[in-house]
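Notes for the one structure printed next.
Please treat every number below as a calculation from the coordinates, not as lab data. Values in this document were obtained by computation on a predicted structure and should not be read as measured data. For neighbour counting, all protein chains shown are included, and Cβ atoms are generated from backbone atoms with ideal geometry for every residue, glycine included.
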Ligand code: F6P
């Protein structure tokens, strides 16, 4: 399949959880592809559509006016991994390999290439599909920003904008009522959303998975602020944060997903313990999917459009098996096989942690 004719037909899909900027990439791919004489097929609901044969042609009219629209016009799914396909049986769910079906549909649609827009899970699937001979290009998205091979994923800036706005609002009510407010944010095993959102929203304490915290240090920070006359505090906590020697807080398992763990609930635990151990009235706000929904920021619209345009450039040059990536201020290709080697986690000596500490933000570690 890789030694191919002129590129005439390409498929595009959005895999995994949605995020702001997906439509901007779809637009960024579809418009130039048509100018180059390619027919674009939008595959519905992520890899689910590739396995189940759900696709429709995308023309300029379909992508016109979607730059600022949140979500994805193609639909997405984080349960449609062709190599980990859940099938309901009488005695429970059986996980099957449906990759042959995915390849069959790619061939039946006569595709010359597939552009898959997604996060870590999507890039792993892209890598396996490349090994099966499909001409794949990856475009990295995720609010979590946990892909090591790119300086940033699109979606992250929009998510931290929401966190920042939320913290601004929580600030005024926390200070009026002399309360502690704990704000739980997403991010899975990476603390980027809490770190960057907490930094831009002026959190007093940031708790992230990469830096397990001490309960005592968290209480001390709140008490120190009280001694300085500040009878309120804002705590930004990652859903994956945990105290030293404790496990992450989860909401259960979903075996239909490649990573079955559903994180969540640490905000409530932190709030309860703070109130009990500092005597300060405490409330919790869980931002949840507000961080994933809605319109992308200008930064994400620009990054998404650049990613889309570069992906088509790679397709037209038949440079397959690559993911587009932001490196400094340039978009560059990175081999998908290299892009999935490592997750990007917050390093405790990163500049953002240093800056946060230098303005007095505590990570519950010092
Ligand atoms: O990976 C993006 C993300 O929003 C994570 O931050 C979060 O843990 C997860 O997806 C939530 O997934 P779901 O929408 O399936 O609850």
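What shape does the stretch 1-105 have by the C-alpha gyration tensor, where a ≥ b ≥ c are the square roots of the eigenvalues, rounded means a/c under 1.5, and otherwise prolate means a/b greater than b/c and oblate the rest? Because a/c hits 1.5 or more and a/b fails to exceed b/c, the stretch 1-105 counts as oblate.
Label-to-label distance for residue 226 and residue 350 is 3.3 nm, based on points extended 7 Å past Cα in the beta-carbon direction. Take each peptide in 271-283, 308-320, count the other Cβ atoms within 10 Å of every residue, and average; sorted highest first, the result is 308-320, 271-283. In this simple spin-label model, placing a label point 7 Å from the Cα along the Cα-to-Cβ direction at both residue 9 and residue 302 gives a separation of 3.8 nm. If a spin label sat at a point 7 angstrom from the Cα of residue 268 along the line to its beta carbon, the backbone N atoms of the stretch 225-245 nearer than 18 Å would be those of 237-243. Neighbour counts of other Cβ atoms within 10 Å put 362, 176, 329 in the fewest-to-most order 329, 176, 362. Taking 16 Å as the cut-off, the amide N atoms of the stretch 126-153 that come nearer than this to a point 7 Å along the Cα-to-beta-carbon line of residue 337 belong to 126-138. Need the full-extension length gain, residue 259 to residue 89, defined as separation in residues times 0.36 nm minus the C-alpha distance. One decimal, nm. Additional length available on full extension: 59.1 nm.
For residue 318 and residue 165, a Förster radius of 41 Å and the Cβ-Cβ distance give a FRET efficiency of 0.40, rounded to the nearest 0.05.
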